[in-house]
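Only one structure is covered here, and it is reproduced in the block below.
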Amino acid sequence: MKSYTDLEVWVEARKLVNKVYLLSKHFPKDEIYGITNQIRRSAVSIPSNIAEGCGRSSSKETAYFLHIAKGSLYELETQMYLSFDQNYITKAELESILEQVLSCKKLVNGFINYYKKL
C-alpha cells in the first residue's frame, strides 16, 4: 500500500489546512484563543486523523479515524459559517473554503467506503 503522504485525501486535507491558516491570520487578535484556535485545531485534525488511521492495523480501526476526520470537516464547515457571520471572512472566502471542504468530504467518504469493503 502507498504511504499516507501519497494519498490524494491526505494531500487535499493539507491544502485545506494551509487555506484555513491563511484566512485565519486576518482574524481579530482577541480571537486568537477563541474561534481562530478552534478553526485551526479542527483543520489540523483532518489530515492528522487520516494519517493515524492509515497507521492502524485493521480496516475497522482505519475507518474509525476516517470518521473522526469527517466529523472534523463538519466542525470546520460550521466554524467557517460562524466566521462569516462575524464578518471575519468575505462571502467569496467562505465559498472558496466550503468548496475545499466539500472536496475533502467526498475524498474521505470514498476512502471510508473503500475500507468498509475490506
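The values are calculated or read from the model by the stated rules, or taken from the named source; none is laboratory data. This one's a predicted model, so the numbers in the text were calculated from it and none came from an experiment. Positions of Cβ are backbone-derived with ideal geometry, glycine not excepted, and every protein chain shown enters the neighbour counts.
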Check: Taking only pairs six or more apart or across chains, which ones have beta-carbon atoms under 9 Å, a first residue in segment 19-37 that is in a loop (DSSP other than H, G, I, E, B), and a second residue that is aromatic (Phe, Trp, Tyr) and surrounded by 12 or more Cβ atoms within 10 Å (Cβ to Cβ)?
Finding: His26/Tyr88; Phe27/Tyr88; Pro28/Tyr88; Gly34/Phe27
Next item on the list: Determine which member of the set Ile46, Ile89, Ile50, Ile97 is modelled with pLDDT of 95 or more, among the hydrophobic types (A, V, I, L, M, F, W, C) and outside any helix (DSSP H, G or I).
Entry: Ile89
Check: Residue check: is Asn49 of a type outside the set (Ser, Thr, Tyr), closer than 20 Å to Arg14 by Cα and more than 10 Å from the chain's Cα centre (by Cα)?
Finding: no
Check: Does Lys29 count as exposed (fewer than 14 other Cβ atoms within 10 Å of the Cβ), more than 20 Å from Lys2 (Cβ to Cβ) and of a type outside the set (Gly, Ala, Ser)?
Finding: yes
Margin query: Would you confirm whether or not segment 68-82 contains a residue that is in a helix (DSSP H, G or I), touching a residue at least 40 places away in the same chain (Cβ under 8 Å) and β-branched (Val, Ile, Thr)?
Written below: no
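Looking only at segment 54-61, decide whether some residue is hydroxyl-bearing (Ser, Thr, Tyr), exposed (fewer than 12 other Cβ atoms within 10 Å of the Cβ), modelled with pLDDT of 95 or more and out of contact with any Ser or Thr (no Cβ under 6 Å at 6 or more places or on another chain). Spell out how you get there, then give the answer.
In the first step, residues of segment 54-61 are kept if they are hydroxyl-bearing (Ser, Thr, Tyr); the result is 57-59.
If we keep only those that are exposed (fewer than 12 other Cβ atoms within 10 Å of the Cβ) as well, we get 57-58.
Narrowing the set further to residues that are modelled with pLDDT of 95 or more leaves none.
No, the conditions are met nowhere in segment 54-61.
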Next item on the list: Quickly run through segment 26-46 and pick out the residues that are within 22 Å of Glu12 (Cα to Cα) and of a type in the set (A, V, I, L, M).
Entry: Ile39, Ala43, Val44, Ile46
